[in-house]
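The values are calculated or read from the model by the stated rules, or taken from the named source; none is laboratory data. This one's a predicted model, so the numbers in the text were calculated from it and none came from an experiment. Neighbour counts are summed over all protein chains in view; Cβ atoms, including those assigned to glycine, are modelled from backbone coordinates with ideal geometry. Protein only, heavy atoms only, side chains kept; ligands, DNA and RNA dropped before computing areas. Shrake-Rupley method; radii C 1.70, N 1.55, O 1.52, S 1.80 Å.
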Protein chains: 2
Amino acid sequence: MALIVQKYGGTSVGSVERIKNVAKRVAKTRAEGHDVVVVVSAMSGETNRLVALANEMQAFPDPRELDVVLSTGEQVTIGLLAMALKDIGVDAKSYTGWQVAVQTDTAHSKARIEQIDDSKMRADLQAGRVVIVAGFQGVTADGDISTLGRGGSDTSAVALAAALKADECQIYTDVDGVYTTDPRVVPEARRMDTVSFDEMLELASLGSKVLQIRSVEFAGKYKVRLRVLSSLQEGGDGTLITFEEDENMEQAIVSGIAFDKNQARINVRGVPDKPGIAYQILGAVADANIDVDMIIQNVGNEGTTDFSFTVPRGDYQPTLDLLGKLKNTIGADEVSGDDSVCKVSIVGVGMRSHVGVASRMFRALAADNINIQMISTSEIKISVLIDEKYMELATRVLHKEFELDKEKEA
Amino acid sequence: MALIVQKYGGTSVGSVERIKNVAKRVAKTRAEGHDVVVVVSAMSGETNRLVALANEMQAFPDPRELDVVLSTGEQVTIGLLAMALKDIGVDAKSYTGWQVAVQTDTAHSKARIEQIDDSKMRADLQAGRVVIVAGFQGVTADGDISTLGRGGSDTSAVALAAALKADECQIYTDVDGVYTTDPRVVPEARRMDTVSFDEMLELASLGSKVLQIRSVEFAGKYKVRLRVLSSLQEGGDGTLITFEEDENMEQAIVSGIAFDKNQARINVRGVPDKPGIAYQILGAVADANIDVDMIIQNVGNEGTTDFSFTVPRGDYQPTLDLLGKLKNTIGADEVSGDDSVCKVSIVGVGMRSHVGVASRMFRALAADNINIQMISTSEIKISVLIDEKYMELATRVLHKEFELDKEKEA
């Protein structure tokens, strides 16, 4: 008998029939003798419908009020799923974010979970009930409704699993596991039985879209056993995310290729090459709550330097506006950018012990005339920023170059 | 400078355009120097959509979970209206039922308000903000979401007006006031400038559908100045509900005709004519949370009596089932009923000082061959239960009989 947190995304609860299927799946897990906490998203399409309504009210909807509106999507799903479970004889109780006190900070639309009160959930589990919690949402210390941002239901699930010390957190999605890359781009992409936490982190953050990055960070921090499974097909063990490097683990040099179109490049040229300049530029961006991803500083001419970084595409114009205003203060010659770029990355723990991975990557891209605009590297990944029109080609080229279509030896 | 609570129903907020119109109306009241608290319903159609979803999950949706689902309708509206107000430069803040702590009992889907915490609203009003509160919903002492039942937004508005000691509670609806009867049934129906609280109470409870009964009771109890206005047309003072009998008041014998199709008759025949029998029957019905309206006990034969009462039509079958089970215990010969009945009532404070009103009513109905099944009277109204197919005819006949189409002398 284990305690399992199961998370079902928007597609998995996208219709009355699908919600009933989720209820059956939950009932099956209950019948196997496990305690179950279910985290659900809004029915697919619902969040978009609500965003469209909000946009008709205000060009830039008030963040606090937008969270009030958006959080209703998951609230509908929890109630419906509780009914579906009761209808097949499984006792269940639903909770919104505020009802289980998923307390967050006040950054509306991208709030971070600070603490969770598990008392109500524990009481229900002890009483033999399935607990259903609305994903994606929380409540601030002041009692305002907050949301965690798109994909935040994954984070809710992992955070609840951590708070409850669950044995496993299962993320049900429309894919049956983590692939070496997106099968829609590379048909030869393979499902991995296991993927290391570090790899998963890079794959998620770089846009593999299977799991939301914050959820993987959370899982790593609190050592939550995390599994990705398909909610649409029966059977299959999905992909387990591992946190210790196992001798028996698949040890390819490169495990997967990630890509991310949600990138825009900002260039700040000709700033004085003096201490504190990076902080002056990036501090202002961070203060505006804009996430910066790749950062590069080049040596320029005559005591000046060029500074480039990437931001999410939705933050492109605000960032340009912000730095345009700061241009004189920081003494820059020019603030410019490009929002038709993308990031392609190779990821793999095996990279650590292999030299020449980077040059092999660059050579493969060059062979197809794909120009590299920025490069950033970490111990287990190498990312390049390229023109977005080459994204699919670059992914296919690299998938083949590192032989990800072939079964690895154990 | 006054404090005004304005309530807008589902039709008034039924589209993006209409929500924007409500925002303009609120802004106008602000511009006149008043503090405004706005109570809104779900966008029209939304509650029905949610009920349909719930019914697909469970034939009889779990009441707690149904409230979780239904309460999202108003939550969407409050967020959207706050955005619409901010978009035209009016500072505003939205609150769900639990956020302003509209505390209710635990009778899901027909909860009663127990107390309201006005501290957040007062702070916002003081800061110059319009406060927007979701109607129809509250929170139980245990932190469960509750709803007040259909039309409960009116009650929310009046309860908030009472808690805030507002100068006036304005109910905006799709009619421009209270009429002598439904103009769709009787085209000659007239709008009343004022109507007494007692009359309004009877008109609302008997199905005039302009205001929800509990809201009028609440207004009477807490002496809330209540006005019904049209949200769809500009200008007009609507109908003011008065609580003191004024010398100058319109003093017709009969003020209005109400009708109500949400009626079903239950007959319990041949029960022992002994003390406590009424309690035995009606106590069981009340325990099942079923509202009983008209009650009649006839003398029967040989120490037995016949007992008849009416319940809302949705409770017809449950009531029959309940009493069917109790039949032997209470020693009844037969439990039967009819759910194709309706109630038509004449209402008026002037009735008190006029004899012969009842006989005039019965004669008018008899002249058109309308058979009366049950009669109940109070100081200011006379109700008859008749076959529902005669409802419109009876209403027209009585409207004409009491000359409600003619202007009254002041």
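Laid out as a table, the results:
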read-out	value
Computed magnitude of the charge dipole of chain B (debye, nearest 20; Cβ of K, R +1, Cβ of D, E -1)	640 debye
Computed accessible area, A:Phe307, all protein chains, 1.4 angstrom probe, square angstrom	0 Å²
Extension gain (nm, one decimal) between A:Lys223 and A:Val16, 0.36 nm per residue minus Cα-Cα	71.1 nm
Signed unit charges on C-beta, dipole axis of the stretch A:3-173, positive-most listed residue A:Ala52, A:Val37, A:Ala101	A:Val37
Fraction of accessible area attributable to carbon and sulfur, the stretch A:98-166 (%, probe 1.4 Å)	44 percent
Nm distances between copies for A:Gly324, ranked from closest, using label points 7 Å along Cα→Cβ	7.4
Expected 222 nm ellipticity per residue - DSSP helices of 4 or more, -39500 (n - 2.57), all of chain B, to 500	-10000 deg cm²/dmol
Radius of gyration and maximum dimension Dmax of the protein assembly as shown, Cα, Å	33.1, 117
B:His354-A:Phe243 pseudo-label distance in nm [points 7 Å out on the Cα-to-Cβ vector]	8.2 nm
Unit charges on C-beta of K, R, D, E only; dipole of the stretch B:97-160, Debye	200 debye
Zero-based 10 Å bins, Cα pair distances in the stretch A:208-366, whole percents	9, 27, 28, 24, 10, 2, 0
Beta carbon of chain B nearest to the axis of the rotation taking B to A, residue and angstrom distance	B:Thr72, 2
Accessible-area ranking of A:Asp91, B:Asp333, largest first, probe 1.4 Å	B:Asp333, A:Asp91
Those residues of the stretch A:74-113 for which accessible area with every protein chain present is at least 30 Å² below the isolated value (1.4 Å probe)	A:Gln75, A:Val76, A:Leu80, A:Met83, A:Lys86, A:Asp87, A:Lys93, A:Ser94, A:Trp98, A:Gln99
Solvent-accessible surface (1.4 angstrom probe) belonging to A:Lys20, in square angstrom, nearest 10	60 Å²
Cβ-Cβ FRET estimate between B:Lys28 and A:Lys274, R0 fixed at 41 Å, reported to 0.05	0.15
Fully extended contour minus Cα-Cα distance, from A:Glu234 to A:Glu302, at 0.36 nm per residue	18.0 nm
Using a Förster distance of 60 Å, the FRET efficiency for B:Gln115-A:Arg363 (Cβ separation, nearest 0.05)	0.25
The stretch A:321-373 shape via C-alpha gyration tensor axes, a/c threshold 1.5	prolate
FRET efficiency, 1/(1 + (r/R0)^6) with R0 60 Å, evaluated for B:Asn262 and A:Asp405 via beta carbons	0.35
The stretch A:363-393: trypsin sites (Lys or Arg not before Pro) in DSSP coil with no more than 13 other Cβ atoms inside 10 Å	none
Three-way shape call for the stretch B:3-173 based on the alpha-carbon gyration tensor, with the a/c threshold at 1.5	oblate
Check: the protein assembly as shown dipole with +1 on Lys, Arg Cβ and -1 on Asp, Glu Cβ, in debye	240 debye
Fraction of accessible area attributable to carbon and sulfur, the stretch A:1-83 (%, probe 1.4 Å)	55 percent
Model label zone, A:Gln126; criterion: amide N under 18 Å from point 7 Å along Cα-to-beta-carbon; scope the stretch A:147-167	A:163-166
Heavy-atom accessible area per residue - the stretch B:248-347, 1.4 Å, Å²	46 Å²
In sequence order, calculated HN-Hα J values of the stretch B:96-112 (Karplus, 6.51, -1.76, 1.60; Hz; x Gly/Pro)	6, x, 6, 6, 9, 6, 7, 7, 10, 6, 9, 7, 4, 6, 8, 6, 10
Nm distances between copies for B:Thr377, ranked from closest, using label points 7 Å along Cα→Cβ	10.0
Buried solvent-accessible surface, both chains (A, B), 1.4 Å probe, Å² to nearest 100	3600 Å²
Between the stretch B:82-115 and the stretch B:1-67, the Cα center-to-center distance that results, in Å	10 Å
For B:Ala141, label point 7 Å along C-beta direction: distances to other copies, nm	2.9
For B:His34, solvent-accessible area (1.4 Å; no DNA, RNA or ligand), Å²	40 Å²
Mean separation of Cα contacts under 8 Å (6+ apart) over length of the stretch B:3-173, as relative contact order %	30 percent
A:Ser383, B:Ser119, reordered so the largest accessible area comes first (probe 1.4 Å)	B:Ser119, A:Ser383
Inter-part distance where the stretch A:369-387 and the stretch A:294-333 are each reduced to a Cα centre, Å	19 Å
Gyration tensor verdict on chain B (Cα atoms; rounded if a/c is under 1.5, prolate if a/b is larger than b/c, oblate otherwise)	oblate
